[in-house]
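Presented below is the structure to which this report refers.
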Amino acid sequence: MLFQEVTNESGISRVGVTYGSSWGDFNNDNLPDLWIANHGNPANLYLNQGDGTFQDVTSEIFVNLVRRDRHGAAWADFDNDGDQDLIQLVGGDSGTGSLTNPRLANHLILMIWHFLSPQMILM
């Protein structure tokens, strides 16, 4: 099997440290879209255009995506409404995760992204 490097042609241009990426169908078009967590930097959401290319729609979808200590992410229908939702795990930004200092404690951020009305719930 031979693979060909097509990253630049695909429109995925992210370069830097990331601790995870996840494929899911963000806009319910039956094409796998790509979420890149980008440890310590704002994440990226690339929508699959169906022709081998992706469009970075991060700034269009997320008005103010803040810097986080992002790690793994997964897609599933968490709210049972028939579409895929994204769960993003974040750490304490180089902290110890101590529950005695809430700023350093690990948090679970459940992002329920409806295509037209994204919500974020901090747990």
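The values are calculated or read from the model by the stated rules, or taken from the named source; none is laboratory data. As the structure is a prediction and not an experimental result, all values here were calculated from the model. Methodologically, a virtual Cβ is constructed for each residue, glycine included, from the backbone with ideal geometry; neighbour enumeration extends over all protein chains shown. Note: areas computed on protein heavy atoms with side chains; ligands, DNA, RNA excluded. Shrake-Rupley method; radii C 1.70, N 1.55, O 1.52, S 1.80 Å.
Details
- Residues of the stretch 57-90 satisfying the condition of being among the charged types (D, E, K, R), open to solvent by 60 Å² or more (accessible area, probe 1.4 Å) and not in a loop (DSSP other than H, G, I, E, B): Glu60
- Residue selected from the stretch 61-109 under the condition over 21 Å from Leu34 (Cβ atoms) and among the β-branched types (Val, Ile, Thr), by the criterion modelled with the highest pLDDT: Thr100
- Residue tally, condition touching a residue at least 40 places away in the same chain (Cβ under 8 Å), farther than 15 Å from Asn28 by Cα and not small (Gly, Ala, Ser), over the stretch 71-88: 2
- Within the stretch 7-40, the set of residues being in contact with a helix residue (DSSP H, G or I) (Cβ under 9 Å, 6 or more places away or on another chain) and surrounded by fewer than 15 Cβ atoms within 10 Å (Cβ to Cβ) comprises Ser13 only.
- Odd one out for Gly50 among (1) in a loop (DSSP other than H, G, I, E, B); (2) open to solvent by 70 Å² or more (accessible area, probe 1.4 Å): (2)
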